[in-house]
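So the structure is just underneath, and the comments pick up after that.
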Amino acid sequence: MPIRPPELAPPFTIVRASHVELGVRDLARSRAFYVDCLGLLATEESGNALHLRGVEERNHHSIVLRTAREPTVTALGFKLASEDDVDRAAAWFRARNLPVAFPEVPFQGRTLRTADAFGMPLDFYFRMDQTPSMLQRYAAHQGARIQRIDHLNCFTPDVQASYDFYADLGFRLTEYTETEDVPAKLWAVWMHRKGNVHDLAFTNGLGPRLHHIGVWTAGALDILHICDVMATSGYLANMERGPGRHGISNAFFLYVRDPDGHRIELFTSDYLTVDPDLEPIRWTLRDPQRQTLWGHPAPKSWFEEGAAFTGVPLREPALAAQPIVAR
């Protein structure tokens with residue numbers, strides 16, 4: 001079987017998806033989009049970097065934008081449960097001949113930088129500088145009133161291999177898509193650590209590449225409001241897909257693209273997944289409501305475009321199968 005029982009005693013404890021670092025070509029243009037339009041808070045600004053967070057986040061940042069010649073992704077960050085877990089993570093990756101380094105990362109404590117089996121760069125840490133919660137400072141809530149980072153979604157050339165790798169680390173499966181072959185093959189998986197539908201998802205495709213960052217809004221009306229804001233402030237063309245509701249996850253969504261093409265999903269209203277005996281939901285690749293329970297179909301760009309990881313070669317996908325596009 002392509003799926004298996006969850007690993008309830010992983011080698012180290014990952015709490016949740018924490019942050020992402022993106023390369024952007026024009027920091028001022030990116031600031032106008034992320035802060036002035038979407039409403040993220042600027043925690044720290046320098047000549048070549050901008051650290052952002054949502055209104056309920058006490059960690060210093062959940063999105064880092066750095067000036068770069070080309071739009072890329074530097075690292076995906078995950079928060080661990082303790083400093084000892086940083087050491088356990090380093091030992092686990094070293095034993096598998098995967099890279100282990102401890103770079104100095106601004107505003108973070110000791111940070112392990114490593115990579116998964118396909119070279120996707122990963123940062124693991126326990127401590128980060130803290131900031132005051134802005135959750136009840138409502139005058140500061142602008143744009144989509146983004147609360148926090150929720151998940152990371154990636155293209156992988158081999159969904160089964162990526163699923164197996166992260167299942168070993170304790171990521172638990174909530175929903176998955178299979179082909180109708182005999183035997184069936186995994187085409188996409190949604191996996192979590194924090195107790196909702198996903199912290200990390202993988203879809204079959206040219207990869208590894210980042211498909212999108214998911215950020216949580218307080219409600220569906222925040223997503224509808226940002227549609228009005230973007231449509232009347234010069235960002236109508238940056239709205240790629242939605243609003244609508246996914247079949248997978250039940251989430252209300254809107255996908256937008258930043259000035260460099262990085263994709264952000266505004267996301268709300270999925271469901272609780274904390275029970276260790278939760279049965280994953282299976283979808284077939286031919287089900288038209290898996291990606292869109294209702295709403296307009298996804299454009300071609302949504303299936304094909306993603307952000308490359310810095311210095312990581314791309315591989316062709318293992319599966320040639322394609323989903324039915326919702327109508």
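The values are calculated or read from the model by the stated rules, or taken from the named source; none is laboratory data. Keep in mind it's a predicted model, so treat the numbers as computed, not measured. Please note: Cβ atoms are built from the backbone with ideal geometry, for glycine as well, and neighbour counts cover all protein chains shown. For accessibility, only protein heavy atoms count, side chains too; no ligands or nucleic acids. Shrake-Rupley method; radii C 1.70, N 1.55, O 1.52, S 1.80 Å.
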Any chance A237 is over 26 Å from P106 (Cβ atoms), open to solvent by 30 Å² or more (accessible area, probe 1.4 Å) and either of a type in the set (A, V, I, L, M) or modelled with pLDDT under 95 (or both): yes
Residues being part of a loop (DSSP other than H, G, I, E, B), open to solvent by less than 40 Å² (accessible area, probe 1.4 Å) and touching a strand residue (DSSP E or B) at 6+ places or on another chain (Cβ under 7 Å) - total across the range 281-298: 5
Conditions (1) outside any loop (DSSP other than H, G, I, E, B); (2) out of contact with any strand residue (DSSP E or B) (no Cβ under 6 Å at 6 or more places or on another chain); number of the one not met by A308: (2)
Residue in the range 263-270 that is in contact (Cβ under 8 Å) with a residue 40 or more places away in the chain, out of contact with any Phe, Trp or Tyr (no Cβ under 9 Å at 6 or more places or on another chain), over 21 Å from E178 (Cβ atoms) and open to solvent by less than 40 Å² (accessible area, probe 1.4 Å) present: no
Filter result (open to solvent by less than 50 Å² (accessible area, probe 1.4 Å) and within 19 Å of H61 (Cα to Cα)) within the range 98-125: P103, V105, Q108, G109, T111, L112, P121, L122, D123, F124, Y125
Selection count, the range 61-97, where residues are open to solvent by 40 Å² or more (accessible area, probe 1.4 Å) and over 30 Å from S133 (Cα atoms): 8
Of all residues in the range 1-44 being buried (at least 20 other Cβ atoms within 10 Å of the Cβ) and in a helix (DSSP H, G or I), the one that is farthest from the chain's Cα centre (by Cα): C37
The listed residue being open to solvent by 10 Å² or more (accessible area, probe 1.4 Å) and either among the acidic types (D, E) or modelled with pLDDT under 95 (or both), out of D199, D181: D181
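Look at the range 240-260 and say how many of its residues are closer than 20 Å to L221 by Cβ, open to solvent by 10 Å² or more (accessible area, probe 1.4 Å) and part of a strand (DSSP E or B). Even if it seems obvious, please write down each step before you answer.
If we filter the range 240-260 for residues that are closer than 20 Å to L221 by Cβ, which is where we start, we get 241-246, 249-256.
Imposing the further condition that a residue be open to solvent by 10 Å² or more (accessible area, probe 1.4 Å) reduces the set to 242-243, 245-246, 250, 252.
Of the ones still in play, those that are also part of a strand (DSSP E or B) are 242-243, 245, 252.
Here the count works out to 4.
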Single unsatisfied condition, D277 versus (1) open to solvent by 10 Å² or more (accessible area, probe 1.4 Å); (2) outside any helix (DSSP H, G or I); (3) under 21 Å from R148 (Cβ atoms): (3)
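Could you grab me the full set of residues in the range 222-249 that are of a type in the set (S, T, N, Q) and under 17 Å from the mean Cα position of the chain (by Cα)?
S249
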